[in-house]
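The values are calculated or read from the model by the stated rules, or taken from the named source; none is laboratory data. Keep in mind it's a predicted model, so treat the numbers as computed, not measured. Cβ placement follows ideal geometry from the backbone for every residue including glycine, while neighbour counts extend to all protein chains displayed.
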Amino acid sequence: MSQTDAKTLNPGPRRGLLIILSSPSGAGKSTLARRLMAWDESLRFSVSATTRPPRSGEVDGEHYHFLDRAGFEKMVEEGAMLEHAEVFGNLYGSPMPPVRAAIEAGRDVLFDIDWQGAQQIRNSALGAYALSIFILPPSIAALHARLEGRAQDDAETIARRMAKSWDEISHWDGYDYVLVNDDLDACFTQLTTILTAERMRRIQQPSLAGFLRGLQHEYEAMFKK
């Protein structure tokens, strides 16, 4: 992030974080995300934008921001998408304005995206405030068993999911933190420990500069008379 981008964020008690959670399907990411949001009720998922039509019961701005292709592509051209991709002929992405507003207000935003989306966010104008965490399964056998245990897919579909999962796992080294979910409670404790510490990063506390100036004035008043 450039100095100009950083200065546009208003100082406050704390800046928010862009919390990126990624994992292969079946590694427990969704469960950890739900527990994280129960642990801190101020956390919100980023509402994605899409060009696909709304499904029955979906509400614009709540489930997705529904856009036509021209409007979506215009946002991409203007740099107003943190990340975006095309999936089965439809565009999906994360609009920047609501995320920027959350960060300015000191609220953290949770992203459930793959390694490509995570990389785009890290390279975006808000990348300095991103915290990326990858969740690994304890073993390939355990991951396969979890997918089979869902009883939702046939063997061919599970094999495709496993191939995609291995592709996801191969990008583990592009993340700030990597956790092995061999014990859900232990993994969740590690996750909350990381978040608590990252919230205290110097870049997340813009008010520190003013506090240090106050210390300097106090020092000068006491010892430089």
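Across the range 21-51, the number of residues qualifying as touching a residue at least 40 places away in the same chain (Cβ under 8 Å) and assigned to a loop (DSSP other than H, G, I, E, B) comes to 13.
The residues of the range 48-95 that are among the hydrophobic types (A, V, I, L, M, F, W, C) and either over 22 Å from Trp115 (Cα atoms) or in contact with a helix residue (DSSP H, G or I) (Cβ under 8 Å, 6 or more places away or on another chain) (or both), listed by number, are Ala49, Val59, Phe66, Leu67, Ala70, Ala80, Met81, Leu82, Ala85, Leu91. Condition (residue is farther than 24 Å from Arg44 by Cβ, touching a Leu at 6+ places or on another chain (Cβ under 6 Å), surrounded by 13 or more Cβ atoms within 10 Å (Cβ to Cβ) and hydrophobic (A, V, I, L, M, F, W, C)) applied to the range 131-153: is it met by at least one residue? No. For a quick check of your reading of the model, give me the residue pairs whose first member lies in the range 90-111 and is more than 17 Å from Leu195 (Cβ to Cβ), whose second is of a type in the set (Lys, Arg), with beta-carbon atoms closer than 7 Å and at least 6 apart or on different chains. So the pair list comes out as Asn90/Arg52; Leu91/Arg69. Annotation: Glu104 fulfils all but one of (1) crowded, with 17+ Cβ neighbours inside 10 Å; (2) of a type outside the set (Lys, Arg); (3) under 24 Å from Met200 (Cα atoms); the unmet one is (1). Inclusion of Ala6 among residues that are at pLDDT below 95 and either in the same structural domain as Ser124 (by TED's automatic domain parsing) or not in a loop (DSSP other than H, G, I, E, B) (or both) is warranted. Would the range 79-99 turn up any residue that is among the aliphatic types (A, V, I, L, M), under 15 Å from the mean Cα position of the chain (by Cα) and more than 30 Å from Ala209 (Cα to Cα)? Yes, because at least one residue in the range 79-99 is among the aliphatic types (A, V, I, L, M), under 15 Å from the mean Cα position of the chain (by Cα) and more than 30 Å from Ala209 (Cα to Cα).
In the range 51-71, is there at least one residue being modelled with pLDDT under 95, surrounded by 12 or more Cβ atoms within 10 Å (Cβ to Cβ) and among the small types (Gly, Ala, Ser)? No: the range 51-71 contains no residue that is modelled with pLDDT under 95, surrounded by 12 or more Cβ atoms within 10 Å (Cβ to Cβ) and among the small types (Gly, Ala, Ser).
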